[in-house]
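Working notes, beginning with the structure itself.
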Amino acid sequence: MIFPGALGDLLLALPALRALRTRHHGAHATAVVNAGLRDIASVAGVADATVALESAETAALFADGGTPRWLGGRPHVYSWLGADDAAVRARVAAMARSAHFFRVERGPGTTHAAVVYARAVRAAAPASMSKTLASLARGWREMFRACIWPIRPHPSTAMLSLGPPVLQY
């Protein structure tokens, strides 16, 4: 699995990555991620081993510099790197048993990114996910309304004040 996204991207993709791990149960899984995310990928259970995306070994994918060790044995590759780069896709595909390319989710879509990642790898998004997300959104809206006071003129001055209504004595 090659995933160049940042922390938030990785967290949103975890259900999809776990589904891939389940799909290939028993296979040795390597996560190629940003160096700072290697521990998270290990602890989250999506990989047996991790490799830094920034490593010299991984750089070989971009410069025809040989086959990275983690591509030895021609594994199945799921990559969020190279979806828009025909040369990278061709190099990875030539070194893999099978290669599947996806895009890191970006933009103001109407579908939650975790669901988009799950659908991309043809994994079922958790059935309760849309209900859970809708519930979270309602909770955030209610909390925001309860914690934010309207701006209104203070009765004794012409200045604006932030805060709860002033008590009149």
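The values are calculated or read from the model by the stated rules, or taken from the named source; none is laboratory data. For clarity, every value in this text was computed on a predicted model and none was experimentally measured. Counting neighbours? That spans all protein chains shown, and the Cβs are built from the backbone with ideal geometry, glycine included.
Among the residues making up segment 3-45, those that are of a type outside the set (S, T, N, Q), surrounded by 16 or more Cβ atoms within 10 Å (Cβ to Cβ) and not in a helix (DSSP H, G or I) are F3, P4, G5, A29, A31, V32, V33, A44.
When the test is whether a residue is out of contact with any His (no Cβ under 7 Å at 6 or more places or on another chain), among the polar types (S, T, N, Q) and buried (at least 17 other Cβ atoms within 10 Å of the Cβ), T50 passes it.
Kindly evaluate T67 against the criterion of being of a type in the set (S, T, Y), at pLDDT below 90 and either in a loop (DSSP other than H, G, I, E, B) or in contact with a helix residue (DSSP H, G or I) (Cβ under 6 Å, 6 or more places away or on another chain) (or both). When the stated conditions are applied, T67 passes them. The residues of segment 53-73 include none that are exposed (fewer than 14 other Cβ atoms within 10 Å of the Cβ) and under 21 Å from R18 (Cβ atoms). Residues in segment 74-126 that are surrounded by fewer than 16 Cβ atoms within 10 Å (Cβ to Cβ) and part of a loop (DSSP other than H, G, I, E, B): 15 in all.
In segment 39-64, the qualifying residues are those that are hydrophobic (A, V, I, L, M, F, W, C) and within 14 Å of R91 (Cβ to Cβ), and the one that is modelled with the highest pLDDT is A59.
Within segment 21-35, the set of residues being of a type in the set (G, A, S) and under 17 Å from G73 (Cβ atoms) comprises G26, A27, A29, A31. Selection of segment 46-56 for residues being part of a loop (DSSP other than H, G, I, E, B) and of a type outside the set (G, A, S) yields V46, D48, L53, E54.
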